[in-house]
Amino acid sequence: MTSPDPILITGAGQRLGLHCARRLIEDGHPVIFSYRREREGVQALRELGAIGLQADFSSEAGVLAFIEQLKHRTPRLRAIVHNASDWLKEQPGQEAEAFTRLFSVHMLAPYLINLHCAELLAHGGPADIVHISDDVTRKGSARHIAYAASKAGLDSLTLSFAARLAPGIKVNGIAPALIAFRPEDDDAYKAQALAKSALRMEPGAEVVYQSLRFLLDNPYLTGTTLPLNGGRHLI
């Protein structure tokens, strides 16, 4: 019996990416993951048998170096999950630097990886690309313009690659809103955030994995970004 092809998930050293990588392994999928710096989660994934590749997606050279590493590790993939993300505020005098970095992480890296690694998915079996976007793209953000714009660009890549790579490779997205609070979030912030959705809950990372699992398992869905926002559009 041959082992299943691995799933690549980027930015899996912490939070949502780490949870999804663990759950994929639990479900029997070999996992290759990228990480920016060493964390406890990176070592935990290695101990579970995942292959970790250090990568810097803030430049073209860093993305291309990662692609070369990946192709040395595997000739085939079951799926690519673009989870790597960055969060930068646009500080006065540093707006262009922030925009360039966010564009590179959220758009250029998925764009180049999809272009150069689609051949790893073209094996005739089930094959998926999943972009992890953000619910902020529905409305934009007055305070985080570059972040919202770069995630909106990722949504556009979902549509374009879905058209380009069909019928052999499905391309979809997930757009989460609030998923899990951080330890430093105070009660006032939590109450304000919960009030933004109709369901008023902190769902936890498993809902992202449930959405990812749905996209991987459904053979008749491409070019779609799933809104995972607890009904924020109703408020």
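Since every read-out is calculated from the coordinates, none of them should be taken as a lab result. Keep in mind that what you see is a predicted model, and the values were worked out from it rather than measured. Please note: Cβ atoms are built from the backbone with ideal geometry, for glycine as well, and neighbour counts cover all protein chains shown.
Side notes on the structure shown:
- Convex hull volume per residue, computed on the Cα atoms of the chain, equals 133 Å³.
- Across Lys89/Lys170; Lys151/Lys196; Lys89/Lys190; Lys71/Lys151, pairs whose alpha-carbon gap is larger than 23 Å: Lys89/Lys170; Lys71/Lys151
- Relative contact order %, the chain, counting alpha carbon pairs below 8 Å whose residues are six or more apart: 18 percent
- Potential extension, Asp155-Lys139 segment - 0.36 nm per residue separation minus Cα distance: 4.4 nm
- In a simple Cβ point-charge model (Lys, Arg +1; Asp, Glu -1; nothing else charged), the chain has a dipole of about 320 debye relative to its Cα centre.
- Shape category assigned to segment 42-118 from the gyration tensor of Cα positions, a/c cut at 1.5: prolate
- Gaussian network model of the chain, springs between alpha carbon atoms under 10 Å - residue of His82, His131, His123 with greatest fluctuation: His123
- Extension gain for the segment Glu119 to Ala44, taken as residue separation times 0.36 nm less the Cα-Cα distance, is 24.0 nm to one decimal.
- When the helices of the chain are scored as -39500 (n - 2.57) per DSSP H run of n ≥ 4 and the total is divided over every residue, the value at 222 nm lands at -13000 deg cm²/dmol.
- Dipole of the chain computed with +1 at Lys/Arg Cβ and -1 at Asp/Glu Cβ about the Cα centre; of Val42, Leu24, Ser211, farthest Cα towards the positive end is Ser211.
- Helix screen, the chain: DSSP H segments with Cα axial length of 24 Å or more and mean Kyte-Doolittle hydropathy at least 0.5 are 145-165.
- For Gly52, residues with placed amide H under 5 Å, excluding near neighbours: Phe33
- Alpha-carbon spread of segment 185-235, three principal axes, descending order, Å: 42, 22, 14
- Per-residue packing, averaged as other Cβ atoms within 10 Å, sorts the ranges 145-152, 26-33 into the order 145-152, 26-33, beginning with the highest.
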